[in-house]
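Q: Encoded as structure tokens, here's the structure I'll be asking about.
The values are calculated or read from the model by the stated rules, or taken from the named source; none is laboratory data. Just so it is clear, the structure is predicted and the values come from calculations on it, not from any experiment. All Cβ positions, even for glycine, are placed from backbone atoms using ideal geometry, and neighbour counts span all protein chains on display. Heavy atoms of the whole protein, side chains included, go into the accessibility calculation; ligands, DNA and RNA do not. Shrake-Rupley method; radii C 1.70, N 1.55, O 1.52, S 1.80 Å.
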Amino acid sequence: MVQLRPRASRAPASAEAMVDEGQLASEEEEAEHGLLLGQPSSGAAAEPLEEDEEGDDEFDDEAPEELTFASAQAEAREEERRVRETVRRDKTLLKEKRKRREELFIEQKKRKLLPDTILEKLTTASQTNQNKSYLAVRLKDQDLRDSRQQAAQAFIHNSLYGPGTNRTTVNKFLSLANKRLPVKRAAVQFLNNAWGIQKKQNAKRFKRRWMVRKMKTKK
Amino acid sequence: MGEFKVHRVRFFNYVPSGIRCVAYNNQSNRLAVSRTDGTVEIYNLSANYFQEKFFPGHESRATEALCWAEGQRLFSAGLNGEIMEYDLQALNIKYAMDAFGGPIWSMAASPSGSQLLVGCEDGSVKLFQITPDKIQFERNFDRQKSRILSLSWHPSGTHIAAGSIDYISVFDVKSGSAVHKMIVDRQYMGVSKRKCIVWGVAFLSDGTIISVDSAGKVQFWDSATGTLVKSHLIANADVQSIAVADQEDSFVVGTAEGTVFHFQLVPVTSNSSEKQWVRTKPFQHHTHDVRTVAHSPTALISGGTDTHLVFRPLMEKVEVKNYDAALRKITFPHRCLISCSKKRQLLLFQFAHHLELWRLGSTVATGKNGDTLPLSKNADHLLHLKTKGPENIICSCISPCGSWIAYSTVSRFFLYRLNYEHDNISLKRVSKMPAFLRSALQILFSEDSTKLFVASNQGALHIVQLSGGSFKHLHAFQPQSVEAMCLLAVSPDGNWLAASGTSAGVHVYNVKQLKLHCTVPAYNFPVTAMAIAPNTNNLVIAHSDQQVFEYSIPDKQYTDWSRTVQKQGFHHLWLQRDTPITHISFHPKRPMHILLHDAYMFCIIDKSLPLPNDKTLLYNPFPPTNESDVIRRRTAHAFKISKIYKPLLFMDLLDERTLVAVERPLDDIIAQLPPPIKKKKFGT
């Protein structure tokens, strides 16, 4: 019958086993972080004891690195801090770059605009132009205003006279009465005198010229 | 009276612009009317419905809303996005403030009169505070999805109803947030593709909101719960306007078919306290859309696209049933738009944006009374003068010799010199007119065409000397109290100038000595026409209540004839005429005759004949020649009235035997109006 060695509890036992030669001060800490240090599975719980025994015997000068938990932690923290620092520095550098670029743009724009004095005059002058005979208007504003006004007028026209409204011509409206008289009469605007205006004007001019010619030949 | 040849002129193509908004002011009993060309006119309803002031229009101004605020201040807002205040004393626009919301569709003054609410194209409702000299933007209410077309305050000033497209919102004034949103049916109990536009809303003090929309419905909503209470379908077309009386027991709506409906709050049964709104009276006084209505304590006022302004006094509100309770329709202008050059037989017609100069035709034929003589030479359209700029022409005049034409807009004064060679006419503009002549209310040339008299809207009266092609400013009279709306009259010998328009009365100035000669005592009705007679230098003044006075300028007192007329009083039919007298003229050889006309009659007053009393027939038709002389003498009286030519816009004596009468038949005006709503009549 094999007599099993008493199996120690996981954390403290292995920790103790591993820190036999090492520091005893941070035992408790390492006890907390035992699991972090990658506790091996139950099967391997027996190994450290075995290893220890074996290490003690055979690998005296090739002992594994004495990487204490604290040191590793400190190192990790250093790394993090370093990374944070670099990121912060990068950010500030980028911000600086952006700021400089903005300023450059503002400078360029300022160079493009008129000097401040003229701009001031314009802004104050726009309020006091009632008495003068001219009116200073910004074309961009005026275009927008005109287009909005036209859209509004189109809306009103559409809703009153557009499709769907029941409108009729004035001629038809006034002629309704004529249609119902006992003796039916013609429409109010029966004749369309607006046809051939150019033709009529030409004819008039020709007639005048012909008369003048006739008078001349008679003489 | 004598025989006259009459030039009947019908080629003045005068078309007034349609009425867009009216606003009634209760304290001063005045009505402000704004037209589609931007003109705003003020009518004094207690002075026999006379147009006492007007503000000329502008092409870019499309007024959509007009309202009175406290202290007799008039505001208007339009599609150019600006709120304008009008100065009623100086007759100009005080300022125009941009509301920055796009085109403004509606405006309403708070019941207290100290705040102004504006509904804009972008769906925002803006609140402005009215300060003593300007208005100031206070805040925006919650923005809505579509344009706000109508606004109404609750009489307590705590809530607002805003009508938009397809819905009505109720706002709480303090917080500015929308409390209710009521969806309006597109069609009365049906489905329609066309959006329902809520043209008008009215908020009553018991929380009822009345809305009128483009589907022809009048709907009553309860603002506390946001639900529809009652719906009336009253027309097949849009119902475009609504106005509620101050006592909230009646309101009036106007439809696109030209009908105006009166709704009244009547008890359900004769002794119950429960009341309901009932449609009581329809009125058909318009042919086209009635875009605006107003409700004064005693009358319904409506105006629309057919350019008539109709006052319908309500019988139950009128105390005394006399002529004051009759229907009044204002169609023709209350001022003279035509001036005449007698020497060259020219007529100058004033339109909104241009002037037309015509030469009258001539005839060589003769005939007897009542004949129409054929023309040997047709009337000639000599000149079509377009004005520069978007502003309307305020006044214009042609000199009696025909060589000068002057007209004025708000910002500029134009003077032209005309040259006639044979049949041709050439025009030359006199440049560098002084700035103080602009915005003239009345322009007049002296009889010999050497002097020009200009009444500006600042109240000053300027005399300018004309010579050759140039001018020289002689003098400026500054009357004490300025009220503007001036009328001018100059004596034919050039010595006297009369100017009305101040509250002190008519001032008479001595032109040769350049000083004030005398002042005709003030009369409480405005002057509608003035003229000075040749030789006798009697100033004849016609007022809006149809009184005519004759004042002798050299004697500085009323003439005996005028005193007799005042003692006896005018005939009651004369006093009941609707339209004001717009022009007075005299016969050069007959000092006892005064020729005056209004829109529907012209009259020659013969001062040598006896005056009619109330029992005699005023409209004396031409007595047949086979009547005995005795009867003729008995029925003859001083007022020879003829109604042959009507509607008259202008009538004047060209020379001893010729008259010119410019008529404008109503059908010719209607023929040029926009299309009306179709009416279906059985059998057509």
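Q: Pick out, from B:Leu514, B:Leu117, B:Leu149, the residue whose Cα sits farthest towards the positive end of the charge dipole of the protein assembly as shown, with +1 on the Cβ of Lys and Arg and -1 on the Cβ of Asp and Glu.
A: Value: B:Leu514.
Q: Largest first, what is the accessible-area ranking of B:Leu233, B:Leu659 with a 1.4 Å probe?
A: B:Leu233, B:Leu659
Q: If R0 is 22 Å, what FRET efficiency do you get for B:Asp166 and B:Asn140 from their C-beta distance, rounded to 0.05?
A: So, using R0 = 22 Å, E works out to roughly 0.50.
Q: What dipole magnitude, in Debye to the nearest 20, does the range B:267-404 give about its Cα centre under +1 on Lys/Arg Cβ and -1 on Asp/Glu Cβ?
A: 340 debye
Q: What percentages make up the Cα-Cα pair-distance distribution of the protein assembly as shown when the bins are 20 Å wide from 0?
A: 11, 34, 28, 10, 6, 5, 4, 1, 0
Q: Run the helix sum for chain B: -39,500 (n - 2.57) per DSSP H stretch of 4+ residues, divided by residue count, reported at 222 nm to the nearest 500 deg cm²/dmol. Present the calculation step by step, with values, prior to reporting the outcome.
A: Numbers: 4 runs with 25 residues, N = 684.
Result for chain B: -1000 deg cm²/dmol, rounded to the nearest 500.
Q: Using +1 at the C-beta of Lys and Arg and -1 at the C-beta of Asp and Glu, which of B:Ala379, B:Pro333, B:Thr450 has the Cα lying farthest in the positive direction of the dipole of the protein assembly as shown?
A: Toward the positive end, the furthest listed residue is B:Ala379.
Q: If you project the alpha carbons of the range B:519-678 onto their three principal axes, what span does each projection cover, largest first, in Å?
A: Cα spread of the range B:519-678 along its principal axes, largest to smallest: 60, 48, 33 Å.
Q: Work out the FRET efficiency for B:Leu575 and B:Val191 from their Cβ-Cβ distance, taking R0 = 60 Å, and round it to the nearest 0.05.
A: It comes out at approximately 0.55.
Q: Show the residues, 5+ positions off or on another chain, whose built amide H is closer than 5 Å to the amide H of B:Val6.
A: Those lying under 5 Å, H to H, from B:Val6 are B:Leu659.
Q: Order these peptides, B:280-291, B:595-606, by their mean beta-carbon neighbour count within 10 angstrom, highest first.
A: Working: B:280-291: 19.4, B:595-606: 21.3.
So the peptides B:280-291, B:595-606, ranked by packing, come out B:595-606, B:280-291.
Q: For B:Lys94, enumerate residues with amide H under 5 Å from its amide H, sequence gap 5+ or separate chain, H modeled in the peptide plane.
A: Amide H neighbours of B:Lys94: B:Glu85, B:Tyr86, B:Asp87.
Q: At a probe size of 1.4 Å, how large is the accessible area of A:Leu94, to the nearest 10 Å²?
A: Near enough 90 Å² of accessible area.
Q: Rounded to two decimal places and with Rh computed the Kirkwood way over Cα pairs, what is Rg over Rh for the range B:58-211?
A: Rg/Rh: 0.98.
Q: Reachable lysines from A:Lys219, Cα under 25 Å, same-chain residues fewer than 8 places away excluded?
A: Within the straight-line limit of under 25 Å, A:Lys219 reaches these lysines: A:Lys204, A:Lys207, B:Lys377.
Q: While we're on this one: In whole Å and largest first, what semi-axes does the C-alpha gyration tensor of chain B yield when each eigenvalue is scaled by 5 and square-rooted?
A: Equivalent ellipsoid semi-axes, largest first: 48, 30, 24 Å.
Q: On the accessible surface of chain B, probed at 1.4 Å, how many percent belong to carbon and sulfur atoms? Before the final figure, lay out each step's value.
A: Values: 14550 of 28660 Å².
Carbon plus sulfur share of accessible area: 51 percent.
Q: So, one more: Under a 1.4 angstrom probe, counting protein chains only, how are B:Glu85, B:Glu70, B:Glu41 ranked by accessible area, largest first?
A: B:Glu70, B:Glu41, B:Glu85
Q: Continuing with this model, one more query. If you place +1 on the Cβ of every Lys and Arg, -1 on the Cβ of every Asp and Glu, and leave all else neutral, what size is the dipole of chain B about its Cα centre, to the nearest 20 Debye?
A: Dipole size: approximately 1300 debye.
Q: Could you give me the ³J(HN,Hα) list for the range B:391-403, computed from phi with Karplus coefficients 6.51, -1.76, 1.60 and θ = phi - 60°, whole Hz, x at Gly and Pro?
A: 7, 7, 7, 8, 8, 8, 7, 10, 6, x, 7, x, 9
Q: For a quick check of understanding: with a 1.4 angstrom probe and all protein chains in place, what accessible area in square angstrom does A:Glu75 have, to the nearest ten?
A: Its heavy atoms expose roughly 120 Å² to the probe.
Q: Could you compute how much accessible area chains A and B hide from each other, both sides summed, with a 1.4 Å probe? Nearest 100 Å² is fine. Mind dumping the intermediate values first?
A: On the way: alone 21400 and 30020 Å², together 48560 Å².
For A against B, buried area totals roughly 2900 Å².
Q: State to the nearest 20 debye the size of the charge dipole of the protein assembly as shown about its Cα centre, where the only charges are +1 on K and R beta carbons and -1 on D and E beta carbons.
A: 12040 debye
Q: Taking the Kirkwood radius as the inverse of the mean 1/r across Cα pairs, report the Rg/Rh of the range B:250-345.
A: 1.19
Q: Can you sort B:Ser273, B:Ser341 by solvent-accessible area, 1.4 Å probe, largest first?
A: Highest to lowest solvent-accessible surface, that is B:Ser273, B:Ser341.
Q: For the protein assembly as shown, with every protein chain kept in place, what is the accessible area per residue (1.4 Å probe, Å²)?
A: Value returned for the protein assembly as shown: 54 Å² of accessible area per residue.
Q: Right, here's the next one. Among all the lysines, which ones have a C-alpha under 27 Å from B:Lys388's C-alpha, if same-chain residues fewer than 8 places away are not counted?
A: Candidates past the 8-residue exclusion: A:Lys132, A:Lys140, B:Lys53, B:Lys94, B:Lys428, B:Lys432, B:Lys451, B:Lys472.
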